[in-house]
Amino acid sequence: MSATGRSRRTSWVTVVVALLAVAAGAAVALVVHRPDPRISPTLAQRQPDVDRGAYIAVLGDCAFCHTAPGGAPFAGGLALASPLGAIYSSNITPDPDTGIGRYSFSDFVSAMRDGIRPDGARLYPAMPYTAYAKVSDDDLQDLFAYLRSAVTPVHAAAHATGIPWPLSLRWPLALWISAFHDDTRFVVDSARDARWNRGAYLVQGLAHCGTCHTPRGVFFQEKDLGGHSNLYLSGGRLEGSSPINLRANEGDGLGRWSAADIAELLSAGRNAGSAVNGDMVDVVRHSTQYMSDADVAAIATYLKSLSPAPASAHASFGASDATLRAMLAGNERSAGGRLYMDSCAACHRLSGSGENLAFPTLAGNPTVLSRDPSSLITLILNGGRAPSTAAAPTGLAMPDFGWRYDDADIAALATFVRSNWGNGAPAVTASQVAQLRR
Amino acid sequence: MASPAKPVDVVIVGFGWTGAIMAIELAQAGLNVLALERGEDAATVPNWSYPKVLDEIAQSARNGLLQNLSKTTVTIRHDKNGRALPYRQIGSFKPGTGVGGAGIHWSGVHSRVMPQELRLRSHILERYGARFIPPGMNLQDWGISFEELEPHFDRFEHVCGTSGKAGNIRGQKLEGGNPFEAPRSREFPLPPLTDPPTSALFASATRDLGYHPYPLPAANASRPYTNPYGCQLGPCNFCGFCSDYGCINYSKASPQTTILPLLYRMPNFSLRTHAHVLKVNTDSSGKHATGVTYVDAQGRETEQPATLVILAAFHLHNVRLMLSSGIGKPYDPDSGEGTVGRNFCYQLLDSVNLFFDQSVYINQFMGAGGVGQAIEDFYADNFDHGPLGFIGGGVIWGRQTGNGPVRGIPLPPGSPTWGSGWKAAVRENFLHSGRIEAQLSNMAYRGCYLDLDPTYRDAYGTPLLRMTLNWQDNDLRMSEFFGERLSQIGKAMGAKSISGRVLKRGDSWDTRAYQSTHINGGTAMGADPRTSVLNKYLQSWDVPNLFVLGANVFAHGIGYNPTGLVGALAYWAAANIRASYLKSPGPLVRV
């Protein structure tokens, strides 16, 4: 090899090594760096309000994720399914060794806004700091006071993670946070009224609706955290469910709902034509049913202000009585139609309109029309039960049919329901059903 | 014996309709309430899920929802000279079990009571004279008026979402309702269910005959409904699996659909299932209840102390508990003295099947428990009994409750009973037949009573309740009269042939065939402690902190389905406990 060839190869190697060193250095800097929690200095003069903090915890629905079934409140241990494996919630009781008993307020803020523990480890974004970053100083102060003084300390060490190594390594999360997190505080929109702003603050922050209802990208990041685009809250995907599009689309969104309809669903768990299902049942049960009327109305106002999501990706609805007429004339002979008449029509009626306040309508129902049919399939397989709330104590339930029908039958039934009474959502396949059987 | 449980304010024995009503009313008053139920809890989903519960063999043939007679049952004889034998197979009456009790498997016919029935003795004396009452008939007034109960009938109907049409609101008669009914304070909460074909035929035929058909009040919701407790019902869709079955659709009123969703949210209410109560405990004076003793799922006897004790089990168990606990003086049919067990009554049910021409299409698979058209032209004393020489009456109705291959396929007389001939007869008749019935009051008699059996005991070692009852001449002559009315109506409906069962003079009570579960009496309410066990507030004359609910408080039989009156009496008792007893515990009536 000539002298110039060796030096050219050497210079390539040098450049690559230098670049790698720079990248590694940047990564280390990112991992090691702790953002300033940016707590307002005036907060020092404010008196924390523990009772108000209890309500903040309800708004943030902290208790549900941080309490294992049958476990002590806030002591952690609930398994949350993630694409990488089960993530277990942490103990946020004021226990000094296994909980947050030794946290300073600044530590708490760093966790809530930037996803960083006092020991520097990053939190999996199953903890929705991507939303809690928007929570105000005052609210965080009260919430911290509540958790520290009104919650019983429980000694319970963290449950081992269900994510396999090396995916369980936390330091790469620093890179993820750097790329995808936005820890900007909530900014009031002066062009909108107080109620809208309160609703936006709650939805984008404490209520963290986007965590389930906003579509995610390849790296599991929410495609919009601040409500800036028409992808925000346009529908999500979880294990076995498809949280609906909350934007103004008339088919699979809330375009045909009034603000009062939305408010009633959140407070009571059901409204005239719909009922919550899947994980939303727990959200109502533990959080929204306890929100004040004003807060629920604010959330509804904000949601009603959202523009439609891109139409091409969302199902249509145009009310039609063609299906009902065919059934009454004895002309509905499809497999799906006959299954519907056998098992569903008693409650949901031949008209697909359900019964006022009791059995949800299927015609024009966002859960039915979601592009992703996971929620609908899961309902047919496993049934569902509305939560018992003060406004609607019964908690009406739908029986399960997974034992009765095979994958092809359920696919036919789901396809029928998605394409009749004016519903225009894509067909469902047997393999989609098979994947959702547990 | 396990150590005594923590004392509660109220212990309720049995958790069906009356238990649930008393529980929610007292829990809403702020008391610490505990219900003890020997069976299990149940809910619409999963226990009565479509389609699993619609199993004729499991429910109608094998009595899936009913009491397990091998654990505890009753003995039965026709008169005091007979030897009572255990009722080992469900037949004549169908006692329930579990949370909800018979409120799960009932049909849903939801009537009230006639004002005159509550003072039948006085009324008969006024209209017909003392000689009209046959010897041995124990007619007595109930000590309560219809007007006192009206708000509670109304309450229970609104809790149940009962579907019907008022015939008389505050004295104003209304078209389309029952012209004989006593004044109501307001309309039913829901409009009547649509008439099935049998009922429509019945209505037009009876109208032509000059009678006054009206829609039977049904606790099967005709619309989606939210009751005063916030509990929700869906509308009935005539699935035909009502009586014997839990409702798949949240349509039939039961404790589960109308009360429990709200009650279970209340922190001051608790329920213990698999708790079989053996007796009510009293102190050394015998005049004060200290609580109850029950057997838990592990077989341990546990004492449950309570300040107030409510007997809310089914009729049989309430009477037996009074006897086993030594509360009140047991009735002696020879001397006529004593009150507990006195005036045990039932109901007569005459049932005729009608077979129509092929042109009359009646889909027998469809139906609901409470839907129908009825006439009360022959109810209670709405007609002149003078020339007829009997006391009592009843409702005549054309219902359509749903039928199926296992539950029974009635055929015209003379049809083959097996083989291809039978199949041909079924094909020809099943979709062209109907049924009309007369449900009749059974009066109280000296020789019809309840006591403890001297020989037989249940699985817990407690003597079984012994029933001594047979049909008496008065009621059988009444039944023959109604048999003629049924024939008349059946022919007017266009039946080609009629078959069925009408009780006649000489017939005895056949305990093998289903008759009705409307057994009543045994702990009568009344104004006179010499002939009643309870005062008008359903409070024990002997033990003031004991209240007893159920059809056992009836002074004698009525013609209607008893649930409406049983529920109203429970609301009445609860209201008076809240308004008076809690403020000043002690006897509410002084004699």
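Identify, please: which residue in segment B:142-166 is assigned to a loop (DSSP other than H, G, I, E, B) and out of contact with any His (no Cβ under 9 Å at 6 or more places or on another chain) and is, among those, nearest to B:Leu262 (Cα to Cα)? Of everything passing the filter in segment B:142-166, B:Gly161 is nearest to B:Leu262 (Cα to Cα). For segment A:214-272: of the residues being polar (S, T, N, Q) and under 12 Å from the mean Cα position of the chain (by Cα), which is surrounded by the most Cβ atoms within 10 Å (Cβ to Cβ)? Filtering segment A:214-272 for residues that are polar (S, T, N, Q) and under 12 Å from the mean Cα position of the chain (by Cα), the one surrounded by the most Cβ atoms within 10 Å (Cβ to Cβ) comes out as A:Asn245. Within segment A:346-374, if we keep just the residues that are out of contact with any Leu (no Cβ under 9 Å at 6 or more places or on another chain) and free of Cβ contacts under 8 Å to residues at least 40 places away in the same chain, the residue that is nearest to B:Gln232 (Cα to Cα) turns out to be A:Glu355. Mind listing just one residue for me: the one in segment A:375-426 that is surrounded by 24 or more Cβ atoms within 10 Å (Cβ to Cβ) and without any contact (Cβ under 8 Å) to a residue 40 or more places away in the chain and, of those, farthest from the other protein chains (Cβ to nearest Cβ)? Checked segment A:375-426; the qualifying residue farthest from the other protein chains (Cβ to nearest Cβ) is A:Ala411. Candidates are the residues of segment A:356-366 that are away from chain B (no Cβ under 11 Å) and over 22 Å from A:Glu239 (Cβ atoms); the one that is surrounded by the most Cβ atoms within 10 Å (Cβ to Cβ) is A:Pro360. Checked against (1) out of contact with any Phe, Trp or Tyr (no Cβ under 8 Å at 6 or more places or on another chain); (2) modelled with pLDDT under 95, A:Ser307 passes all but condition (2). Sub-8 Å Cβ pairs linking a first residue in segment B:439-464 that is free of Cβ contacts under 8 Å to residues at least 24 places away in the same chain and of a type in the set (D, E, K, R) to a second residue that is surrounded by 16 or more Cβ atoms within 10 Å (Cβ to Cβ) and part of a strand (DSSP E or B), at least 6 apart or interchain, are B:Arg457/B:Pro463; B:Arg457/B:Leu464, ordered by first then second residue. The single condition from (1) within 27 Å of the chain's Cα centre (by Cα); (2) buried (at least 16 other Cβ atoms within 10 Å of the Cβ) that B:Val360 fails is (1). B:Phe202 satisfies every condition listed in (1) among the aromatic types (Phe, Trp, Tyr); (2) within 13 Å of another protein chain (Cβ to nearest Cβ); (3) part of a helix (DSSP H, G or I) except (2).
Please determine whether any residue of segment B:336-345 is touching a His at 6+ places or on another chain (Cβ under 7 Å) and under 30 Å from B:Ser487 (Cβ atoms).
Start the filter on segment B:336-345 by keeping residues that are touching a His at 6+ places or on another chain (Cβ under 7 Å), which leaves B:343, B:345.
Within this subset, residues satisfying the condition of being under 30 Å from B:Ser487 (Cβ atoms) are B:345.
The answer is yes, given that some residue of segment B:336-345 is touching a His at 6+ places or on another chain (Cβ under 7 Å) and under 30 Å from B:Ser487 (Cβ atoms).
Just checking, which of A:Gly25, A:Gly60, A:Gly99 is in contact with a Ser or Thr (Cβ under 7 Å, 6 or more places away or on another chain) and of a type in the set (Gly, Ala, Ser)? Can you show your working first?
On the way: A:Gly25 fails: in contact with a Ser or Thr (Cβ under 7 Å, 6 or more places away or on another chain); A:Gly60 fails: in contact with a Ser or Thr (Cβ under 7 Å, 6 or more places away or on another chain).
Testing whether each residue is in contact with a Ser or Thr (Cβ under 7 Å, 6 or more places away or on another chain) and of a type in the set (Gly, Ala, Ser) leaves just A:Gly99.
Summed over segment A:331-348, the residues that are among the charged types (D, E, K, R) and within 13 Å of chain B (Cβ to nearest Cβ) give a count of 1. Of the candidates A:Leu328, A:Leu324, A:Leu369, A:Leu436, the single residue that is touching a His at 6+ places or on another chain (Cβ under 9 Å) and more than 14 Å from chain B (Cβ to nearest Cβ) is A:Leu369. Scanning segment A:95-123 for residues that are buried (at least 20 other Cβ atoms within 10 Å of the Cβ), in a loop (DSSP other than H, G, I, E, B) and not aliphatic (A, V, I, L, M) yields A:Asp95, A:Gly99, A:Tyr103, A:Gly115.
Tell me which residues, restricted to segment B:335-364, are among the β-branched types (Val, Ile, Thr) and assigned to a loop (DSSP other than H, G, I, E, B). Residues satisfying the conditions are B:Thr339, B:Val360, B:Ile362. Taken across segment B:250-262, residues that are more than 25 Å from B:Asn68 (Cα to Cα) and among the aromatic types (Phe, Trp, Tyr) do occur, with at least one present.
Residue by residue, here is whether (1) at pLDDT below 95; (2) under 18 Å from B:Phe241 (Cβ atoms) holds:
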site	(1), (2)
B:Gly341	no, no
B:Tyr361	no, no
B:Gly370	no, yes
B:Phe378	no, no
B:Arg407	yes, yes
B:Gly419	no, no
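The numbered conditions (1) within 30 Å of B:Leu193 (Cβ to Cβ); (2) out of contact with any Pro (no Cβ under 8 Å at 6 or more places or on another chain) are all true for B:Pro261 except (2).
Counting the residues of segment A:69-87 that are in contact (Cβ under 8 Å) with a residue 60 or more places away in the chain, surrounded by fewer than 19 Cβ atoms within 10 Å (Cβ to Cβ) and touching a strand residue (DSSP E or B) at 6+ places or on another chain (Cβ under 8 Å) gives 4. Can you spot a residue in segment A:297-318 that is touching a strand residue (DSSP E or B) at 6+ places or on another chain (Cβ under 8 Å), without any contact (Cβ under 8 Å) to a residue 12 or more places away in the chain and either not hydrophobic (A, V, I, L, M, F, W, C) or not in a loop (DSSP other than H, G, I, E, B) (or both)? No.
Here the helices (runs of 4 or more DSSP H) wholly within segment A:321-429 that include at least 1 residues being at pLDDT 95 or above and aromatic (Phe, Trp, Tyr) are A:335-343, A:407-418. Number of residues in segment B:546-584 that are surrounded by 21 or more Cβ atoms within 10 Å (Cβ to Cβ) and part of a loop (DSSP other than H, G, I, E, B) equals 11.
Only a single item in (1) within 25 Å of the chain's Cα centre (by Cα); (2) more than 18 Å from A:Gln432 (Cα to Cα); (3) within 14 Å of another protein chain (Cβ to nearest Cβ) is not met by A:Ser351, and it is number (1).
The values are calculated or read from the model by the stated rules, or taken from the named source; none is laboratory data. None of these values were measured; they are calculated from a predicted model. Ideal geometry is used to build each Cβ from the backbone, glycine not excepted, and the neighbour counts take in all protein chains shown.
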